[in-house]
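Each remark here refers to the structure printed beneath this line.
The values are calculated or read from the model by the stated rules, or taken from the named source; none is laboratory data. Everything numeric here is computed off the predicted structure, so don't read it as measured data. Because the Cβ atoms are built from the backbone with ideal geometry, glycine has one as well, and the counts that use them run over all protein chains shown.
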Ligand code: 6R9
C-alpha cells in the first residue's frame, strides 16, 4: 500500500431490542472487554475452567514470539467436552444433531448419548485399522452425520484429521492427501447435490492412486444396491463399525498436540495446511460458540457451512457441541428445488440461531422477498454472517427480511488461521451496517500502517491482531516459514491480509483483501467499498471489482456485475452504475468499464476470487485455482 487513505464512515446505527443485552451471558461489550484487559490470562482461564480437563494446566500461556503455547501442560480430550460431559449428565437425551437430507422428509436425529456411542465405535474402527495418535486421516465426505462422527472419532484417538470439502476434485484431493501424508481416507459412495449424485468414491479412487501414504479407504455406502468395493484397498463404513468395540476411552492429549490440519480456501494463493492444536482451539471455539452466539439451552442452531471449512470445524462441530447445543445440518443447497428451501427448513425445525455467508444473502436478495415471505421465520432469534464483508445493502435486507427487523445481525470476522471469531458486534450491542464490529472480549486487534503504528479513525490500513489468542494456528504444515511470515511482515503483529478502517467507537469495517487493493491516481480503494456501492443500486445483485492498468491513473476500476432477476443489461444501465458509484464514493472510484456477467468466480466456500477475474482480464495465468468453484 502506498499511503494511508481516507474512508467515509457514515453509517446508520441499528439498535436491537434491549432484552438481548439484558439476557446476554457475556454482558455489555465494554465491561467484558475491560475484564479481559485487566487480566488477559485470568479471562481465558475462567472460560477454560468451564470445561473438563484430564489434568489442569500449569500456565495459561507461554508466548515466545511468534510461537504461543496455551494451557501449558494441560491434558485433555476435546471429545470429553463435546460428548462425554453431556452424555453423562442432563443432556444425555438432548438432541445433538438433526440432519435433513436433500429430500423433504429424509431426516435423522442423534441425541448426545447416541452421537457419543457412534463416535466411540468409529474411533474403535479406526484403531482396528492401525490408526493411532498423530496419524493423519483424510475425511472427504458429504454433509451427513457420519462426517461429523468421523471427525470426532479422530479426535477421540488423537489422530489428526484433514477434512477436504466434498466439492473438491481428484487433483485437489490428491495434493492435500500427499501434503498431509494421510494414512486413511474416509469417504462415501456419493454425495447429493441438486438431485444429482456426486461420485465421491470414484474421485477418491483417482486421488489415492498416486498417494503412497494411503493404506485404506473407508466407504460409507448410501445407495442401494451397494456399490462394489475393491477389497485390497476399500472397506465398508458400517462393517468396520460393527466389528469395533462399543466403548473407546479418550486418548489423553497434551494441550499443544495437533488436533487437525485444514487447507485454506486460498482466494489469493495456493492452499496452506493450517495446523490447530487441542487445548487452545477447544477453549476458543467453546467460548465463542457459547458467548458470541449467546447460545441458550433450547436453541436450535444452524450454521449453513460445510464441516469442510473452518466455519464448519469451529461452528458446526467443536464449538456448538462443546457448548451442548442442538445443531442442525443439511445436505440441501440454498436454491434447490427453489430459493425457498432454507426458509422452509427454518420453519420446519424451529431454528433459532442461523449463521450463513454474505454470498448466500446476496443470492437470496437477487430472488426477491417473496421466497422468505412464504415461511414463518418467527423462531429466529439471532442471525449471523461470516466469510466476506456484509455490504450495508445486504445487511439491511438480511435484517429486515430474514431477521424481520427484530433479530440482531451477528457479523463475525475471522479466518482459518484464527480458528475462532475475532471481531463481531456482540448480540444486543448497537449494529452499524457495513462494520463487522469490535474485537471480541479476549482478542486484541488494530488497524495499522506499514510500520505497525495505529492509524486514526477514518484512515484505512492493515487489520492486525496484536496479542496471541488461544485458537490461533500454531504453524503451516511442513512450512513454518509461511507461519512466521504472518507475524514478521508488519512489525511483530499478526497480519491478517485484510484492509480495514476503524471509526470513533472502535467499530471496524473490512475493506477487502490487501492483495486486491486498487490504486487509482495514488488513492487506495478497498474492493468492498466500491462493490458495496454497486450492490446498493436497485438493479445489482452482486458485484466484483478489480484494478486494470491505466496509462494516466496507474490503475482504473473495472466492475463485473450480476443483475437481479427482472433487470436486463443495457448501455444505459452501465452509465447509471458508473454515475451511481461517482455519487456514492466519488470520481476516483468510478469504474472505467462495467461488464454484466451471469456468475462470478468464487472459491467453493463462496468467496469472490478477484485474482481469477484479473488474470482473465490481463490474459495471464491465474496461478493455483484448485479452490475455484466450477
Ligand atoms: C471464517 C473464514 C478468511 C477471510 C478473511 C476476510 C474474509 C471472513 C469476514 C470477512 C469481512 C467478515 N472474511 N469473515 N470479511 N467480514 N465478517 O471465512 O475463514 O476461509 O480462512 O477466510 O475471509 O478476508 O481474511 P477463511
Can you tell me which residues in segment 420-439 are more than 9 Å from the ligand (Cβ to nearest atom), in contact with a helix residue (DSSP H, G or I) (Cβ under 6 Å, 6 or more places away or on another chain) and either without any contact (Cβ under 8 Å) to a residue 60 or more places away in the chain or within 18 Å of residue 464 (Cβ to Cβ) (or both)? 420
Mind telling me which of the residues 562, 518 ends up being under 30 Å from the mean Cα position of the chain (by Cα) and within 16 Å of the ligand (Cβ to nearest atom)? 518
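Which residue, of 622, 601, 569, is in contact with a helix residue (DSSP H, G or I) (Cβ under 9 Å, 6 or more places away or on another chain) and either away from the ligand (no atom under 16 Å from the Cβ) or without any contact (Cβ under 8 Å) to a residue 24 or more places away in the chain (or both)?
622
Yes/no per residue for (1) surrounded by 20 or more Cβ atoms within 10 Å (Cβ to Cβ); (2) touching a residue at least 40 places away in the same chain (Cβ under 8 Å); (3) not in a strand (DSSP E or B); (4) not assigned by TED's automatic domain parsing to the domain that holds residue 12:
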residue	(1), (2), (3), (4)
534	yes, yes, yes, yes
538	no, no, yes, yes
542	yes, yes, no, yes
558	yes, yes, no, yes
Test of understanding: among 404, 415, which residue is assigned to a loop (DSSP other than H, G, I, E, B), within 16 Å of the ligand (Cβ to nearest atom), modelled with pLDDT of 95 or more and assigned by TED's automatic domain parsing to the domain that holds residue 477? 415
In segment 342-363, how many residues are in contact with a strand residue (DSSP E or B) (Cβ under 9 Å, 6 or more places away or on another chain) and more than 16 Å from the ligand (Cβ to nearest atom)? 10
For segment 498-505, check the following and say yes or no: at least one residue is out of contact with any helix residue (DSSP H, G or I) (no Cβ under 8 Å at 6 or more places or on another chain), assigned to a helix (DSSP H, G or I), within 16 Å of the ligand (Cβ to nearest atom) and outside the structural domain of residue 588 (by TED's automatic domain parsing). no
Surrounded by fewer than 18 Cβ atoms within 10 Å (Cβ to Cβ) and either modelled with pLDDT under 95 or touching a strand residue (DSSP E or B) at 6+ places or on another chain (Cβ under 8 Å) (or both): is that true of residue 425 in this structure? no
Yes or no: residue 593 crowded, with 18+ Cβ neighbours inside 10 Å and touching a strand residue (DSSP E or B) at 6+ places or on another chain (Cβ under 9 Å)? no
In segment 461-497, residue nearest to the ligand (Cβ to nearest atom) [restricted to those that are in a loop (DSSP other than H, G, I, E, B) and in contact with a helix residue (DSSP H, G or I) (Cβ under 6 Å, 6 or more places away or on another chain)]: 471
If we ask which residues in segment 509-523 are surrounded by fewer than 24 Cβ atoms within 10 Å (Cβ to Cβ) and farther than 20 Å from residue 11 by Cβ, their number turns out to be 9
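Scanning for something modelled with pLDDT under 95 and surrounded by fewer than 24 Cβ atoms within 10 Å (Cβ to Cβ), does segment 367-383 turn up at least one residue?
yes
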Within segment 385-401, track down each residue that is under 26 Å from residue 19 (Cβ atoms), in contact with a strand residue (DSSP E or B) (Cβ under 7 Å, 6 or more places away or on another chain) and within 14 Å of the ligand (Cβ to nearest atom). 385, 386, 390, 395, 398
Take the residues in segment 444-459 that are free of Cβ contacts under 8 Å to residues at least 60 places away in the same chain and either part of a strand (DSSP E or B) or within 19 Å of the chain's Cα centre (by Cα) (or both); name whichever of them is surrounded by the most Cβ atoms within 10 Å (Cβ to Cβ). 448
Can you name every residue in segment 86-103 that is touching a residue at least 60 places away in the same chain (Cβ under 8 Å) and assigned to a helix (DSSP H, G or I)? 86
Given 389, 358, 372, which one is assigned by TED's automatic domain parsing to the domain that holds residue 329 and over 24 Å from residue 193 (Cα atoms)? 389
